[in-house]
Amino acid sequence: MAHRAPITLITGSDLPVTDTETPLLSSALRSLGVESEVAAWRNPRDWRQSPLIVLRTPWDYVAHVEEFRVWVTMVGGVSRLKNTPDVVLWNLQKDYLLDLQRGDVATVPTLLFRRGQSNDPSRALSELRLQCQWEVVVVKPTVGINAGGSMRGRIEDPVVGNHFAQLLQRGDVLVQPFLPAITSEGELPLIFVDSIFTHAVRKRPKHGDYRVQNNHGGTVGPYEPSAKELAVASAALACSPSRTTYARVDLAYFEQGPVVMELELIEPELFLRFSSKGTNALAHSLKAALIESCITK
């Protein structure tokens, strides 16, 4: 049997953008005397031979959601997965935002529509406008990355209604008010390792857009969060079903205060290129997890 590195960093078979972070993490692990390897989650493999498996860039899971659920559960049963399967499965659909709301975490207002829930999606949006008085909304699927399937528009716009109806035919859908602060102040991802804050960045959309991801023309730079922003992010992270090894909490401003846009616990970009502290902290955490897995095996 070919020698395998003790830490396996999970990727996908078809990445929409280049992975620039895994080499940084691999280098940091190597400096600690720990070797790692990269493997695509859908490729045949005896996962029992991998002592520690770490999700990093399996970005193609959105096209294979049920297969990914099965894989996460299986791997968690034969090896040690980070983040843990309960965290990953809870975070897989964005309706976890409702759990944050129930936990009194400052969160962007979010309404969930289940697949097949409405026979008249346009009427549902019209009623929503009267109920919430939202003029401009963002409609998005509950499973997605890089703003895939997301649309911003006026709630009465037929194009938005049609998009909403199409999404409902395929799965569950979230409707949220559009936050104008994203176009002016941007989005604020805060990164945590072992629930301890390490660094943050600010992501801004290109002019005329609201999507902050780089594949949509967004830009990113270092950011120093306020005490209030740290408190909101920490409160969101505390809602996770188990302690996380890595986490990213995306904030934006709504009605003068920071709110959680997303809690990224599966395969987030951690912006390691902006923080050697964050990179080293994650490497040390994974080495400790590896040692623990070998002791308890």
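Values in this text are rule-based calculations from the coordinates and carry no lab data. What you see is a predicted model, and the numbers here were worked out from it, not measured in a lab. Here Cβ is always computed from backbone atoms with ideal geometry, including for glycine, and neighbour counts include all displayed protein chains.
Quick notes on this one:
- For the stretch 218-233, the condition of being out of contact with any Ser or Thr (no Cβ under 8 Å at 6 or more places or on another chain), part of a helix (DSSP H, G or I) and under 27 Å from S27 (Cβ atoms) holds for none of the residues.
- Options N146, N162: the member that is part of a loop (DSSP other than H, G, I, E, B) and polar (S, T, N, Q): N146
- For the stretch 151-197, filtered to residues that are touching a helix residue (DSSP H, G or I) at 6+ places or on another chain (Cβ under 9 Å) and among the aromatic types (F, W, Y), the residue that is surrounded by the fewest Cβ atoms within 10 Å (Cβ to Cβ) is F197.
- Scanning the stretch 105-123 for residues that are without any contact (Cβ under 8 Å) to a residue 40 or more places away in the chain and part of a helix (DSSP H, G or I) returns a single hit, R123.
- Residues located in the stretch 171-224, provided they are among the basic types (K, R) and over 17 Å from the mean Cα position of the chain (by Cα): R204, K206
Residue-by-condition table, conditions (1) within 22 Å of R211 (Cβ to Cβ); (2) in contact with a strand residue (DSSP E or B) (Cβ under 8 Å, 6 or more places away or on another chain); (3) buried (at least 19 other Cβ atoms within 10 Å of the Cβ); (4) polar (S, T, N, Q):
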{"site": "R123", "(1), (2), (3), (4)": "no, no, no, no"}
{"site": "S126", "(1), (2), (3), (4)": "no, no, no, yes"}
{"site": "R129", "(1), (2), (3), (4)": "no, no, no, no"}
{"site": "V138", "(1), (2), (3), (4)": "yes, yes, yes, no"}
{"site": "G149", "(1), (2), (3), (4)": "yes, yes, yes, no"}
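- Residues being farther than 22 Å from M74 by Cα and of a type in the set (A, V, I, L, M, F, W, C) - total across the stretch 2-57: 9
- Some residue of the stretch 243-264 being closer than 26 Å to S36 by Cβ and part of a helix (DSSP H, G or I): no
- Selection of the stretch 235-260 for residues being surrounded by fewer than 24 Cβ atoms within 10 Å (Cβ to Cβ), of a type outside the set (S, T, Y) and either closer than 20 Å to P222 by Cβ or in contact with a Cys (Cβ under 9 Å, 6 or more places away or on another chain) (or both) yields R248, D250, A252, P258.
- For V173, the conditions (1) touching a residue at least 40 places away in the same chain (Cβ under 8 Å); (2) more than 22 Å from I266 (Cα to Cα) all hold with the exception of (2).
- Which numbered condition G217 fails, given (1) surrounded by fewer than 20 Cβ atoms within 10 Å (Cβ to Cβ); (2) more than 15 Å from K94 (Cβ to Cβ); (3) touching a residue at least 40 places away in the same chain (Cβ under 8 Å): (3)
- Filter result for K287 (over 25 Å from S79 (Cα atoms), among the basic types (K, R) and out of contact with any Gly (no Cβ under 7 Å at 6 or more places or on another chain)): no
- Residues of the stretch 187-216 satisfying the condition of being in a loop (DSSP other than H, G, I, E, B) and within 18 Å of R273 (Cβ to Cβ): V212, Q213
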